[in-house]
Amino acid sequence: MAEYDVDLFVIGAGSGGVRAARIAAGHGARVMIAEEYRVGGTCVIRGCVPKKLLVYASRFALEFEDAAGFGWTVSGAKFDWPTLIANKDKEIARLEAAYRTNLARAKVEIVETRAVLEDPHTVRLLKSGARIRAETILLANGAHPVLPQIPGVEHAITSNEAFHLAALPRHIVIQGGGYIAAEFACLFHGLGVDVTLVHRGEEILRGFDDDVRRHLRSEMVGRGIKVILGEKIAAIEKQGHSLRARLLNGECHPADQVMFAIGRDPNTKNIGLEEAGVKSTAAGAVAVDEYSRSNVPSIYAIGDVTHRLALTPVAIREGHAFADTVFGDKPTKADHANVPSAVFSEPEIGVVGLSEAKAREAGFALDIYREQFRPMRATLSGRATSILMKFVVDRASDRVLGVHIVGEAAAEMVQLAAVAVKMGARKSDFDATVALHPTAAEELVTLRNKV
Ligand SMILES: Cc1cc2nc3c(=O)[nH]c(=O)nc-3n(C[C@H](O)[C@H](O)[C@H](O)COP(=O)(O)OP(=O)(O)OC[C@H]3O[C@@H](n4cnc5c(N)ncnc54)[C@H](O)[C@@H]3O)c2cc1C
């Protein structure tokens with residue numbers, strides 16, 4: 001009898017776990033993967049994908065408004081939340097089925113249960129009680145939204161529930177200053193909800209470039225979202241069917257829903273880390289090296305449970321690198337430099353590389369190029385909005401260290417700019433590229449004014 005039941009046991013069938021399982025199986029490993037909720041994980045089931053579908057839905061409102069300046073009369077436009085949610089659920093079910101098919105095709109066995117570590121080579125399946133011996137174990141079990149310890153928190157929702165509300169709220173209070181809070185504030189606002197965003201910090205989107213942070217907030221306020229900074233919700237009171245969010249300063253905000261998007265903690269509790277001797281970081285994540293290996297040689301961890309860069313493509317890269325390293329005889333480190341990211345707010349943000357503050361902290365002498373301009377479409381729509389573009393450039397080498405865009409299609413633009421930044425492009429390379437006219441993106445190659 002073989003010493004191990006499988007070569008690889010993966011805990012969590014999300015973005016990272018599924019990629020790792022498929023690639024390892026492709027390298028010839030016998031692989032089993034456990035999932036306690038739905039195959040596809042956060043991104044597919046209750047993250048990036050359903051969110052983007054809701055964002056698309058919310059943007060039609062702007063299209064209808066903007067159309068008037070171009071001669072259109074759009075009358076009788078009505079929005080139906082249950083239709084959107086039902087169609088979104090159908091698409092998510094289709095994607096989940098595709099993930100299952102791909103795993104089956106790769107000959108990965110799926111076990112639908114919560115799984116926990118018992119020792120460096122044993123996983124226990126909670127549904128059946130079975131114990132599986134594995135030569136290597138991969139923790140790919142993600143993170144979860146955090147809720148504060150305040151009176152009435154049981155009435156609040158997180159992003160998990162926001163995707164399944166029976167009815168669209170008329171008024172929502174959202175606490176949080178990160179990208180998920182900003183995205184939900186904007187998408188609910190676009191769908192006609194009265195939105196109040198409460199954030200304890202001095203500015204939203206900590207970690208993003210300061211110009212980007214200010215620009216998005218002023219656009220959000222300009223569109224009618226109430227943003228309250230330096231405050232937080234102290235209690236939630238229920239009165240009949242409605243709620244009241246009471247802030248620390250005593251102010252009360254009535255709402256049909258109160259949502260928290262104040263961060264996500266790695267899923268490291270009650271999964272047997274202590275039993276297996278796996279060490280955590282101070283932030284409560286699984287501690288790993290650059291090959292995603294924990295301090296226990298047979299146990300690896302990737303994705304959100306390691307709290308490095310909590311993004312789907314990063315989890316996927318880490319999973320792929322792990323499988324190539326351990327089963328493909330090709331040691332590969334996951335590369336976390338110059339990872340592009342977006343905020344699907346309204347207007348949206350696309351970013352790659354260093355913010356001005358991070359670049360200064362790193363000791364670079366900088367040239368900053370910044371432009372704020374009215375998009376062509378706004379000339380006829382009359383919308384009061386502007387696009388922000390900013391380049392952070394190393395003065396010594398002329399290398400572009402960061403590109404920051406706020407405006408329509410910013411995410412699409414930055415995905416392409418990221419190729420140039422990753423290749424080490426200089427500002428002069430952008431300047432040497434002929435503009436594509438008339439676009440907003442042409443500003444990327446015509447930015448001339450140093451701040
Ligand atoms: C609202 C929202 C929007 C987002 N938007 C974006 C975006 O636009 N772009 C982007 O790149 N990223 C986005 N993200 C982040 C992205 O979803 C995550 O970074 C990504 O899903 C992480 O992948 P993962 O494999 O580490 O974990 P996950 O995808 O979370 O998968 C972990 C899986 O493990 C399962 N699990 C947990 N514990 C156990 C256990 N003990 N046994 C069995 N199964 C277990 C879970 O049910 C889950 O399915 C968003 C996240 C949220 C919440």
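Local charge for Ala334 was computed over the other residues whose Cβ lies under 12 Å away, with Lys and Arg +1 and Asp and Glu -1, and equals 0. Per-residue Karplus couplings for the stretch 202-207, computed as 6.51 cos²θ - 1.76 cosθ + 1.60 with θ equal to phi - 60°, are listed in order as 7, 8, 6, 6, 4, x Hz, Gly and Pro entered as x.
Computed over the Cα atoms of the stretch 99-182, the ratio of the radius of gyration to the Kirkwood radius (Rg/Rh) comes to 1.11. Between Gly129, Asn160, Leu416, the Cα set farthest toward the positive side of the dipole of the chain (charges on each charged residue's Cβ, about the Cα centre) is that of Asn160. The relative contact order of the stretch 1-124, computed from alpha carbon pairs under 8 Å that lie at least 6 residues apart in sequence, is 34 percent. The share of Cα pairs per 5 Å bin across the stretch 365-451, counted from zero up to the longest distance, runs 3, 14, 26, 26, 17, 8, 4, 1, 0 percent.
Remark: C-alpha extents of the chain on the principal axes read 75, 63, 42 Å, sorted largest to smallest.
The string of couplings for the stretch 152-165 from the Karplus curve (6.51, -1.76, 1.60, θ = phi - 60°) is x, 5, 5, 8, 8, 10, 10, 4, 4, 7, 4, 7, 10, 4 Hz, one whole number per residue in order, with x for Gly and Pro.
Within 10 Å of each candidate Cβ there may be at most 11 other Cβ atoms; applying that plus a DSSP loop requirement, which GluC sites (Glu not before Pro) in the stretch 1-47 survive?
Here the GluC sites (Glu not before Pro) that fit, given the DSSP loop and packing criteria, are Glu3.
In sequence order, the stretch 266-273 has phi-based couplings of x, 7, 10, 8, 6, 10, x, 4 Hz under the Karplus curve 6.51 cos²θ - 1.76 cosθ + 1.60, θ = phi - 60°, and Gly or Pro positions carry x. When +1 charges are put on Lys and Arg Cβ atoms and -1 charges on Asp and Glu Cβ atoms, the dipole computed for the chain relative to its Cα centre reaches about 260 debye.
Counting Lys +1, Arg +1, Asp -1, Glu -1, what net charge surrounds His307 among other residues with beta carbon under 10 Å of its beta carbon? Its environment carries a net charge of 0.
What is the antiparallel percent of DSSP beta bridges lying wholly in the chain, to the nearest 5? Percentage antiparallel, nearest 5: 60.
Do any of Lys232/Lys269; Lys279/Lys390; Lys51/Lys330; Lys52/Lys333; Lys90/Lys358 go past 32 Å between their Cα atoms, and which? Going by Cα-Cα distance, Lys279/Lys390; Lys51/Lys330; Lys90/Lys358 fall outside the 32 Å limit. Computed over the chain, the per-residue total of -39500 (n - 2.57) for DSSP H runs of n ≥ 4 gives a 222 nm mean residue ellipticity of -9500 deg cm²/dmol, rounded to 500.
Here, each number is a calculation from the coordinates, and none is a lab measurement. Please read all numbers here as calculations on a predicted model, not as lab measurements. Note that we place each Cβ from the backbone using ideal geometry, even for glycine, and neighbour counts take in every protein chain shown.
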